[in-house]
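Have a look at the structure below before the remarks.
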Amino acid sequence: MMKNLDKYKGIIPAFYACYDDEGNISPERIQKLALHYLEKGVKGLYVGGSSGECIYQTVEERKLVLENVMKAVGGKMTIIAHIAAPSTRDSVELAKHAESLGVDALAAIPPIYFVLPEASIEAYWTSMIEATSLDFIIYNIPQTTGYALSVDLFKKMMEKDQVIGVKNSSMPVMDINVFKLNSEKESIIFNGPDEQFVGGRVMGADAGIGGTYGVMPELFLEADKCIKEKNMEKAFEIQTAINEIIFKMLSYGGNLYDVMKLILGMNGVEVGRVRGPLSPVAKEREESVVEAKEMIDAAISKFC
């Protein structure tokens, strides 16, 4: 069956975990952040992934996050729910819950911690797929899961009607081309590493899902526009500016998500801080994060 995949083609920020000042899930802040991205004009949101600190949240907390995203922007933008959990049972529960809310698609990393054979990984993903009628996106991120998606398993998964493609966050940009060439049906390949967004699109990625999009969506939207208009010189200039900003954000000593949350707060969108064991930026360095914010503002002024 032919699917219309256009709703996935564009810039899709990975949604950040939103906590109150005590570190609990904040429905109010979730809704405010979702509306913030709606106003920015991005294609959709990727909810419950790495940026959403899903590994450090309970099943009920993850449900609460998705419920409030859908309350704020459901039906107004494309919503992809990442529903992988350490156990297949919890993943299936999250899949069914996501479908009940009306999301557009599900996504999942491979199982974590235990080193499993590909047959077990296939069964894990298949259990989620069979639990709903939603589109399904494989999430390949070997640097954190320890498993690099093979062409063989990719082909097997793509034989399933609901599987529409892969969010590829492996660092070799060649992998995007490999998956694109080995898809025997219409598919969508998302570029994952933000540092190579332009390179990933050039190598065949149809869209992008990224963690740093959330603090500078304007730059990724403009880079994507330049690629569509074949203005590659400007696209590469924007990518260079993006990378310089990312390197700066990584220089503060705390977890990258905490840096980005501080930047959002400086822009009037409070989302709390990261949850342990992720490390916050040290108190004495928090004010210096304004340097990264100023770099973002300057790049937006220059290119957008």
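The values are calculated or read from the model by the stated rules, or taken from the named source; none is laboratory data. Please read these numbers as outputs of a predicted model, since none were measured by experiment. Cβ: placed from backbone, ideal geometry, glycine included. Neighbour counts: every protein chain shown. The area values use the complete protein model at the heavy-atom level, side chains included, leaving out ligands, DNA and RNA. Shrake-Rupley method; radii C 1.70, N 1.55, O 1.52, S 1.80 Å.
If you average the alpha carbon positions of the stretch 43-101 and of the stretch 116-132, how far apart do those two centres end up, in angstrom?
Result: 18 Å between the Cα centres.
Could you tell me how many cubic angstrom of Cα convex hull volume the stretch 1-100 has per residue? It would help to have the intermediate numbers written out before the result.
Details: hull volume 10.6 nm³, N = 100.
Residue-normalised Cα hull volume stands at 106 Å³.
Work out how far the C-alpha atoms of the stretch 1-59 reach from end to end along every principal axis, then list the three figures in whole Å, largest first.
46, 26, 14
Go through the stretch 181-211 and name the GluC sites (Glu not before Pro) that are in a DSSP coil and have 14 or fewer other Cβ atoms within 10 Å of their Cβ. Present the calculation step by step, with values, prior to reporting the outcome.
Details: sites: Glu184, Glu186, Glu195; in loops: Glu184, Glu186.
Here the sparse-neighbourhood loop sites are Glu184, Glu186.
Given a 1.4 angstrom probe, I'd like the percentage of the accessible area of the stretch 1-150 that is carbon and sulfur, rounded to a whole number.
Details: 3290 of 6340 Å².
Heavy-atom surface of the stretch 1-150 belonging to carbon and sulfur, 1.4 Å probe: 52 percent.
Towards the positive end of the charge dipole of the chain, with charges on Cβ (+1 Lys, Arg; -1 Asp, Glu), say which of Phe236, Met249, Thr58 has the farthest Cα.
Among Phe236, Met249, Thr58, the one farthest towards the positive end of the dipole of the chain is Phe236.
Based solely on its DSSP helices, what 222 nm [θ] is calculated for the chain when runs of n ≥ 4 H residues each add -39,500 (n - 2.57) and the sum is averaged over all residues, nearest 500 deg cm²/dmol?
Values: 12 runs with 138 residues, N = 304.
Calculated mean residue ellipticity at 222 nm is -14000 deg cm²/dmol.
Please list, in order along the stretch 36-53, the HN-Hα scalar couplings obtained from phi with the Karplus expression 6.51 cos²θ - 1.76 cosθ + 1.60 (θ = phi - 60°), rounded to whole Hz, x for Gly and Pro.
Once θ is set to phi - 60°, the couplings for the stretch 36-53 become 4, 6, 4, 5, 6, x, 6, 6, x, 9, 10, 10, x, x, 4, 4, x, 6 Hz.
May I ask for the distance between the Cα centers of the stretch 232-271 and the stretch 1-27, given as a whole number of Å?
If we compute the Cα centre of each part, the gap is 18 Å.
Could you list which residues have their amide H under 5 Å from that of Gly210, counting only those 5 or more apart in sequence or on another chain, with H placed in the peptide plane?
Ile12, Ala14
Over 37 Å, how big is the tail of the calculated P(r) for the chain, in percent of all Cα pairs?
9
If amide hydrogens are placed 1.01 Å from N in the peptide plane, which non-local residues have theirs closer than 5 Å to the one on Ala107?
Ala81, His82, Ile83, Ile137
Taking every DSSP beta bridge with both residues inside the chain, roughly what % is antiparallel (nearest 5)? Walk me through the numbers before you get to the answer.
Working: 1 of 28 bridges.
So the antiparallel bridges amount to about 5 percent of the total.
Strictly over 18 Å apart at the Cα level, which of Lys185/Lys230; Lys43/Lys228; Lys261/Lys293; Lys96/Lys156; Lys76/Lys185 would you flag in this model? Write out the running numbers ahead of the final one.
Numbers: Lys185/Lys230 26 Å; Lys43/Lys228 15 Å; Lys261/Lys293 11 Å; Lys96/Lys156 23 Å; Lys76/Lys185 28 Å.
As for pairs spanning more than 18 Å Cα to Cα, those are Lys185/Lys230; Lys96/Lys156; Lys76/Lys185.
Dividing the Cα radius of gyration by the Kirkwood radius, what Rg/Rh value follows for the stretch 49-89? Working shown, then result.
Numbers: Rg = 10.8 Å, Rh = 11.0 Å.
Reported Rg/Rh, Kirkwood definition of Rh: 0.98.
Please give the net charge around Asn231, taking every other residue with its beta carbon less than 14 angstrom from that of Asn231, where Lys and Arg add +1 and Asp and Glu add -1.
Details: positive: Arg201, Lys225, Lys228, Lys230, Lys234; negative: Glu222, Asp224, Glu229, Glu233, Glu237.
After counting each charged neighbour, the total is 0.
Counting Lys and Arg as +1 and Asp and Glu as -1, each charge on the Cβ, what is the dipole of the chain about the Cα centre in debye, to the nearest 20? Can you show the working numbers first?
Numbers: 32 positive and 42 negative charges, 94 e Å.
That gives a dipole near 460 debye.
For the stretch 216-265, which GluC sites (Glu not before Pro) are in a loop by DSSP, counting at most 14 other Cβ atoms within 10 Å?
Details: sites: Glu218, Glu222, Glu229, Glu233, Glu237, Glu244; in loops: Glu229.
Here the sparse-neighbourhood loop sites are Glu229.
Can you compute 3J(HN,Hα) from phi for each residue in the stretch 55-62, using the Karplus curve 6.51 cos²θ - 1.76 cosθ + 1.60 with θ = phi - 60°, rounded to whole Hz and x for Gly and Pro?
Result, ordered by residue: 5, 9, 10, 6, 4, 5, 5, 5 Hz.
Show me the trypsin sites (Lys or Arg not before Pro) within the stretch 203-304 that DSSP assigns to loop and that have at most 12 other Cβ atoms within 10 Å of their Cβ.
Answer by residue number: Lys230.
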